[in-house]
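Here's the structure we're looking at; comments come further down.
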Amino acid sequence: MRTRNAIYNTFSATTVQILTFFIGIILPRMLLVTYGSELNGLRASINQFISYLYILEMGLGGALTYALYKPLQSANIDEINGVVAAARKSYRQIGYMFTALIGVLAIVYPLVINKGSVDTLTIILLVLVIGITGIINYFTIGGYTVLLTAAQHGYILSIIKCIYLVFNTVLLIVLIKFKCNIVFVYTCSISSTVLHALLIRLYIKKHYSYLNLKVPPQKNALKKRYDVLIHQISGLVVSNVPMVLLTLYGDLKEVSVYSIYALIFSSITMILGVISTALTPAFGDLIAEDNKSLLKQTYSQYEFIYYVIITIIYSCTYILGLGFVKIYTDGVTDAQYINPNLLLLFSLIGFLTSWKVPQVTMITAAGHFKETRHRAIIEASITIIMSCILGKLLGLEGIMLGSIMGLCYRAIDMYYARKITGFSFKNTFMRVIRMLCIITIINAPFILWIKLDPSNWFEWLIVALGVGIWSVIVACSINTIFEKQTMQSFILRLLRLLNIKINHKLTA
């Protein structure tokens, strides 16, 4: 059941991300054409400012999710009610603060921006109607989303999110087509948020009828919040330092070049992050069950297959990256976008971010936030200091080298995770070495002999298909040679989920 839920969660969360990606391309274009650059820029700016306010809830969701693993595993209804009651109380407190800050933003924002031809009342109303989405969620579903995540029912949240996205997008497209006032458009969009909250509440009412949120809140549920907060702020610092420093040290053309490469690698990180997010509750349940043997075996399979996946993904990205950038920026001549060194540095950062994800998944599932928080602080400090120093000397490439140094230090988490899983670090280390060797083998023909230069998207897709097949064959073949039993065990687990009858000889 754990594996089945993990697959449901992964597939559904990936679907949400893909849907969000396409909507993110369609709607801004329509808004720009219909309302012009000023109103579209205003909308984007307001969304950006409001997104900063969500720092209020940082650390809360992770701490509450961890607090629910054990009571859910043991079916301790009283404790579940206590934790969810604490979640509802905490999210409502944040809701009051968020509401106050939205009010302040609505008053201050028109005073500090260049309004152009947009009137002050429109700006105030737009801040309020866009901010109402967060207010509704804080006061209605905050605690429930934590419960569904911890119970490995994140796929329910994803399905409801897909319904919300489709309904909201269709509604916005119709209203924009009729050229309705932009404030009216986003006011109508509130109905989509209400629908989203209503569907979650109905699901909870039907499947968790035992919930009683009038019980005293479980205060211990929040004891890990500030340790989680440190990790999340560290992650925020590490991921945003390059853009901030580049804005200070460089020029807007360099920022533009950086943003194109960041678009590629942030998409990859987003997809890979779905796997980790989906599996964390399953491992949390397994740790709460205290089945060390099963935990070790399951973790080994997870680490193995995850390393196979990132071997394939980053090999393909490095081979195909420059071709993608060339086609994407075709016709843009005011900056040099084709930069092999930048692609290499981004690939290194992406790889160093991803190679410790299995171990970070276990640290999160086990709730070892306090035990590892000093690592997060040191990583952020190294990144800031070295990026500042090297950025002054080397510009953009120096800034990225600073990020690489911070990530190299944080690889220490790979060693720490053995305390949780019981899985030998020596085996993990050998897998990393093998992963690096396989990436080299996959890339070698394209560095030494084969020169790829697709001139349009169709050619790029054909080349990408060939490179992808080559990468999968090499990565899977070599890993199977070295860990045949692990590969077979993983395949058997998947086939059992699909109810496929397995020939006994396969396990011989």
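Points to keep in mind about this one:
- Matching entry among 390, 394 (being in the same structural domain as residue 353 (by TED's automatic domain parsing), over 30 Å from residue 288 (Cβ atoms) and free of Cβ contacts under 8 Å to residues at least 12 places away in the same chain): 394
- Counting only helices (runs of 4 or more DSSP H) that fall entirely inside the stretch 389-508 and contain at least 1 residues that are modelled with pLDDT under 80 and either under 27 Å from the mean Cα position of the chain (by Cα) or surrounded by fewer than 18 Cβ atoms within 10 Å (Cβ to Cβ) (or both), the qualifying elements are 396-410, 413-416, 418-421, 484-497.
- Among the criteria (1) touching a Pro at 6+ places or on another chain (Cβ under 7 Å); (2) closer than 16 Å to residue 299 by Cβ; (3) not aromatic (Phe, Trp, Tyr), the one residue 463 does not fulfil is (2).
- Of the numbered criteria (1) touching a Leu at 6+ places or on another chain (Cβ under 9 Å); (2) outside any helix (DSSP H, G or I), the one residue 330 fails is (1).
- Residue within the stretch 393-405 that is within 19 Å of residue 309 (Cβ to Cβ), of a type in the set (A, V, I, L, M) and out of contact with any His (no Cβ under 8 Å at 6 or more places or on another chain) present: no
- Apart from one condition, residue 180 fits all of (1) touching a residue at least 24 places away in the same chain (Cβ under 8 Å); (2) outside any helix (DSSP H, G or I); the exception is (1).
- Count - residues of the stretch 192-213 that are surrounded by 13 or more Cβ atoms within 10 Å (Cβ to Cβ) and of a type in the set (Gly, Ala, Ser): 2
- Of all the criteria given as (1) of a type in the set (A, V, I, L, M, F, W, C); (2) in contact with a Ser or Thr (Cβ under 8 Å, 6 or more places away or on another chain); (3) under 17 Å from residue 428 (Cβ atoms), the one not satisfied by residue 376 is (3).
- Condition met for residue 55 (loosely packed, with under 13 Cβ neighbours inside 10 Å, modelled with pLDDT under 80 and farther than 26 Å from residue 185 by Cα): yes
- Elements of type helices (runs of 4 or more DSSP H) contained in the stretch 70-156, each with 2 or more residues being of a type in the set (Gly, Ala, Ser) and surrounded by fewer than 21 Cβ atoms within 10 Å (Cβ to Cβ): 77-112
- Test result for residue 157, hydrophobic (A, V, I, L, M, F, W, C), closer than 20 Å to residue 207 by Cα, within 25 Å of the chain's Cα centre (by Cα) and not assigned by TED's automatic domain parsing to the domain that holds residue 367: yes
- Taken residue by residue, the stretch 422-430 has at least one member that is touching an Asp or Glu at 6+ places or on another chain (Cβ under 8 Å) and either within 27 Å of residue 363 (Cα to Cα) or among the charged types (D, E, K, R) (or both).
- Screening the candidates 36, 61 for the property of being at positive phi, assigned to a helix (DSSP H, G or I), assigned by TED's automatic domain parsing to the domain that holds residue 104 and modelled with pLDDT under 80 yields one hit, 36.
- Test: residue 189 is crowded, with 21+ Cβ neighbours inside 10 Å and either among the aromatic types (Phe, Trp, Tyr) or assigned to a helix (DSSP H, G or I) (or both): no
The values are calculated or read from the model by the stated rules, or taken from the named source; none is laboratory data. Computed from a predicted structure; not experimentally measured. Glycine also receives a Cβ, built like all others from the backbone with ideal geometry; neighbour counts cover every protein chain displayed.
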